[in-house]
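To keep things clear, I will list the structure first and then write my remarks on it.
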Amino acid sequence: MVITQNASSNVFISTGIPGLDNILGGGLTKERLYLLEGDPGAGKTTMALQFLIEGARLGEPVLYITLAENDIELHSVAQAHGLSMSGVTVHEVIPEESILDPDEQYTVL
C-alpha cells in the first residue's frame, strides 16, 4: 500500500482512488476497520475492488470475502470499470437459497 503521513502524524494507506485520497487528507488511517454503507449501485463493490487492486499492485496479499456477489459477478464489475483483479483472492460465503426462505428461519422473541 502507498503509505503517507500528514502533519498530525497519522499514517494513511491509499484507497486506490487518488481523488478520494485527496479528499480524505491522504487516504485511510492505517490499521483501522472501515464499513462502506449505501444503496445498491452506490459504488461500494467498486470502491472495495479499487482498494484491493491497489494493494495487490503493490504486492500486498489481499482477500475479498463476498456475502452476495459470486466470483464471476465480481470479475464482471471489475471488467466494466477497466480493472483487473489479478492478485485479488475471492472467497465466497454465500448462503444456500433455502436458508433465505422465511419458513426455514427461526426467531426468538
Revision key, fill the gap. Residues other than GLU73 with Cβ under 14 Å of its Cβ, Lys/Arg counted +1 and Asp/Glu -1, net out at -2
Exercise for review: Sticking with the crude label model, points 7 Å out along Cα→Cβ, report the distance from LEU33 to ILE65 in nm, one decimal please.
Suggested key: 1.0
Review point. Expressed in nm to one decimal, what extension gain is obtained for the pair ALA42 and ARG57 from 0.36 nm per residue of sequence separation less their Cα-Cα distance?
Key: 2.9 nm
Point to revise | At most 14 other Cβ within 10 Å, DSSP loop - trypsin sites (Lys or Arg not before Pro), the stretch 16-101 | key: LYS30, ARG32
Exercise for review: Can you figure out the FRET efficiency of GLU73 with ASN10, using R₀ = 25 Å and their beta-carbon distance, to the nearest 0.05?
Suggested key: 0.10
**Study point:** Exposure ranking of THR46, THR89 by accessible area [1.4 Å probe, largest first]
**Key:** THR89, THR46
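The values are calculated or read from the model by the stated rules, or taken from the named source; none is laboratory data. These numbers were taken from a predicted model, which means no experiment stands behind them. Methodologically, a virtual Cβ is constructed for each residue, glycine included, from the backbone with ideal geometry; neighbour enumeration extends over all protein chains shown. Heads up: the accessible areas ignore ligands, DNA and RNA and are worked out on the full protein's heavy atoms, side chains in. Shrake-Rupley method; radii C 1.70, N 1.55, O 1.52, S 1.80 Å.
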